Amino acid sequence: ATPTAIMVGTGLGAKRGVFFKNAIALETSARVQVVVMDKTGTLTKGEPEVTDVITGGGTGDDELLRLAAAVERESEHPLAQAIAAHADARGLGRVRAGRFENVPGHGAVADVAGHRVAVGNRRLLEREGVGLGELGARRDEVAAGGRTAVMVAIDGVAAGVIGIADAPRETSAAAVAALHELGVEVVMLTGDNAATAQRIARRLGIDTMIAEVLPGDKAAKIAELQAGGRKVAMVGDGVNDAPALARSDLGIAIGAGTDVAIETADVVLMRSDPLDVAAALRIGRATLRKMR
Ligand code: ADP
Ligand code: MG
């Protein structure tokens, strides 16, 4: 592109809070064919809240929450913070956790009040050798509602399910529609379970959903989508997203995201509005047209 076209494009972006880090980012924006969106914190607000506390019988609601919160207080995961905050809001006393173990993409395990407590997804329970039993159906109900089901196992026995909701951002569905108008395929990529992700993807009009992806595997999924030379943009907010942002042809970070995501990306959306993804592509296209 000519220096003038690039200046104009960069200026147009800046006005809207779409920050292109360099000329290549602006040019690549014009050529994007696939946009991959991270779910949590990108398509959703990233403000998870506990909505359900389901117990298996042996343990009461408060006791389940108290133990789960003790483990999750040691974790920095947004789901963990939601559980800890909910326990505090219920006024449950805090107990200390020991031998804490964070299992990325799975959950967390720790010793609490003489019990071994595991809090996380199905994969974590499998890893701990715990079957869900009767709680399996309850877990499926939570997931079918588009909420994330976090399981709690105490001393190797499934004890409860905690449902957590994270509302979509107001403009997420409109953003998907705007990308479709540009002829772009929209993919949702998430570590969350398939049933929860499916429900949200459908609500937002997403074309393709890739769920239950471990943090270390997100970049490989981008590489698969790039097959045949397709130009793939990745939109993310989290530390986990950085390798995928780097692997993509155009990394786009949500401004409210982590420093690592913002540093890795080629474009930063200062307003944290998913609609600005389509704006970035339109500005790129306009810039490219002016070049010719
Ligand atoms: P995402 O791709 O949605 O940002 P992560 O890769 O961080 O998600 O986590 C994927 C899944 O692992 C979560 O949806 C959750 O089921 C589980 N998980 C990870 N950490 C925790 C935790 N501390 N407590 C409960 N569940 C967790
Ligand atoms: Mg995220």
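For the range 245-257, filtering for residues that are under 19 Å from residue 191 (Cα atoms) and crowded, with 24+ Cβ neighbours inside 10 Å leaves 7. Exactly one residue out of 220, 197, 211, 242 is surrounded by fewer than 16 Cβ atoms within 10 Å (Cβ to Cβ) and either touching a His at 6+ places or on another chain (Cβ under 6 Å) or closer than 23 Å to residue 106 by Cα (or both): that is 220. Looking for something under 17 Å from the mean Cα position of the chain (by Cα), within 14 Å of ligand 2 (Cβ to nearest atom), assigned to a helix (DSSP H, G or I) and surrounded by 24 or more Cβ atoms within 10 Å (Cβ to Cβ) - is there at least one such residue anywhere in the range 270-292? There is no residue in the range 270-292 that is under 17 Å from the mean Cα position of the chain (by Cα), within 14 Å of ligand 2 (Cβ to nearest atom), assigned to a helix (DSSP H, G or I) and surrounded by 24 or more Cβ atoms within 10 Å (Cβ to Cβ).
Can you name every residue in the range 14-44 that is away from ligand 2 (no atom under 16 Å from the Cβ) and assigned to a helix (DSSP H, G or I)?
14, 15, 23, 24, 25, 26, 27, 28, 29
Filtering the range 233-249 down to residues that are within 18 Å of the chain's Cα centre (by Cα) and either part of a strand (DSSP E or B) or farther than 22 Å from residue 214 by Cβ (or both), which residue is farthest from ligand 1 (Cβ to nearest atom)? Full working, then the answer.
Restricting attention to the range 233-249, the residues satisfying the condition of being within 18 Å of the chain's Cα centre (by Cα) are 233-248.
Now restrict to residues that are either part of a strand (DSSP E or B) or farther than 22 Å from residue 214 by Cβ (or both): 233-236.
Details: 233: 17, 234: 12, 235: 13, 236: 9 Å.
Once the filter is applied, the top-ranked residue is 233.
With respect to the stated conditions, residue 66 is in contact (Cβ under 8 Å) with a residue 24 or more places away in the chain, of a type in the set (Lys, Arg) and either surrounded by 23 or more Cβ atoms within 10 Å (Cβ to Cβ) or part of a helix (DSSP H, G or I) (or both). Suppose we keep only residues that are of a type outside the set (Gly, Ala, Ser) and within 15 Å of ligand 2 (Cβ to nearest atom) within the range 169-192. Which one would you say is farthest from residue 281 (Cα to Cα)? That would be 192. Looking across the range 103-123, the residues that are surrounded by fewer than 21 Cβ atoms within 10 Å (Cβ to Cβ), within 18 Å of the chain's Cα centre (by Cα) and not in a loop (DSSP other than H, G, I, E, B) come down to 103, 122, 123.
The conditions of being buried (at least 23 other Cβ atoms within 10 Å of the Cβ) and either among the aromatic types (Phe, Trp, Tyr) or free of Cβ contacts under 8 Å to residues at least 24 places away in the same chain (or both) are not met by residue 233.
Computed from the coordinates by the stated procedures, all read-outs in this text should not be read as laboratory data. All figures in this text were calculated on a predicted structure; none of them were measured in a lab. No Cβ is skipped: glycine too gets one built from the backbone with ideal geometry, and neighbour counts run over all protein chains shown.
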